[in-house]
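The values are calculated or read from the model by the stated rules, or taken from the named source; none is laboratory data. All figures in this text were calculated on a predicted structure; none of them were measured in a lab. Quick reminder, even Gly has a Cβ in these numbers, built from the backbone with ideal geometry, and neighbours come from all protein chains shown. Heavy atoms of the whole protein, side chains included, go into the accessibility calculation; ligands, DNA and RNA do not. Shrake-Rupley method; radii C 1.70, N 1.55, O 1.52, S 1.80 Å.
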Amino acid sequence: MKIKDCRLISISEKGDDRGRLMVVEGSKDIPFNIQRIFYICETVNGVSRGNHANKKSSFFFLSIKGSCKIKVFDGEDYREFILEETSEGLYVPKNLWKSMYDFSKDSILLVFSDENYNDEEYIRDINEYIKFTQTLTL
Ligand code: TYD
C-alpha cells in the first residue's frame, strides 16, 4: 500500500433539529468490516503515538473531539493529515507506517480496525519497515 491509498472519508450525517448524529457502518461508509474499536484520549502533552506499521490491519481514524495530526509513511513518501472535524476521518490501509501527534488537550481519537489486536503483525522499527516495503514492491 502507498500513501495514495490513504484517504479522508466523510461521515454520513443523520442529524436533525435535536442535534447531530454521525454514522459509520462497516463495508459501507468505510472500506472494511469493523472488528475492533479503540480510542485514545487524555493524551499527555507532546506525546507521539503509533510509530509502527501493521502487516494485516487497516484503520479508520476519527477525531470525535478536539484535534490531532497523523503522519503516514509508505517507505518513500509521507503525508500529514490534520483531523479536527467530527464529520471526516482518515482511512489508512495495512502496511503503512503511522504516527499520531499534536493531540489537543481535549482530543478523543476513535480508531476502527478490521482485525483483532495481534502484536505479531506490528513492525515497530522504522529501518525494518523500510526493508519490508522493499520486499513488497519486488
Ligand atoms: P500501542 O501500540 O503502544 O498504542 P498506540 O499505537 O496507540 O501508540 O499500545 C499500547 C498497549 O496497548 C500495548 O501493550 C498493546 C495494547 N493494545 C491492545 O491490547 N489492544 C489494542 O487494540 C491496542 C491498540 C493496543
message: Ignoring everything except DSSP H segments at least 4 long, calculate the 222 nm mean residue ellipticity for the chain; use -39,500 (n - 2.57) per segment, divide by total residues, nearest 500.
response: -2500 deg cm²/dmol
task: Measure off, as a whole percent, the carbon and sulfur share of the 1.4 Å-probe accessible area of the stretch 1-112, all protein chains present.
output: 45
Cα centroid separation, the stretch 87-138 to the stretch 1-48 (Å): 14
- prompt: Which whole-Hz couplings ³J(HN,Hα) result when phi for each residue of the stretch 99-114 is put into the Karplus expression 6.51 cos²θ - 1.76 cosθ + 1.60, θ = phi - 60°, listed in order with x for Gly and Pro?
  reply: 9, 10, 7, 6, 6, 6, 4, 8, 4, 10, 9, 8, 10, 10, 9, 8
task: Considering Cα pairs under 8 angstrom that are at least six residues apart, work out the relative contact order of the stretch 1-105 and quote it in whole percent.
output: 37
- prompt: How big is the Cα convex hull of the stretch 74-138 in projection, averaged over all directions, in nm²?
  reply: 5.8
Rg/Rg_globular for the chain, with Rg_globular taken as 2.2 N^0.38 Å and Rg from C-alpha atoms: 1.06
message: For the stretch 60-108, what does the accessible surface come to per residue with a 1.4 Å probe? Please give it in Å².
response: 44
statement: With Cα coordinates, the longest principal axis of the chain makes an angle with the long axis of helix 126-137, in degrees rounded to 10, of 80
message: Considering just Cα atoms, how many Å³ per residue does the convex hull of the stretch 1-52 enclose?
response: 164
task: Using a 1.4 Å probe and counting only protein heavy atoms, arrange 92, 24 so the residue with the most accessible area comes first.
output: 24, 92
message: Just to verify a number: what accessible area does residue 86 come out at with the full protein assembly present, 1.4 Å probe, Å² rounded to tens?
response: 40
- prompt: Can you list the HN-Hα couplings for the stretch 42-58, worked out from phi with the Karplus curve (6.51, -1.76, 1.60; θ = phi - 60°), rounded to whole Hz and with x for Gly and Pro?
  reply: 6, 5, 5, 3, x, 6, 10, 10, x, 6, 7, 10, 10, 7, 10, 8, 9
message: Counting heavy atoms of the protein chains only and a 1.4 Å probe, report the per residue accessible area for the stretch 2-59 as a whole number of Å².
response: 68
Loop-resident sites, the stretch 68-114, for trypsin sites (Lys or Arg not before Pro), counting at most 10 other Cβ within 10 Å (DSSP): 105
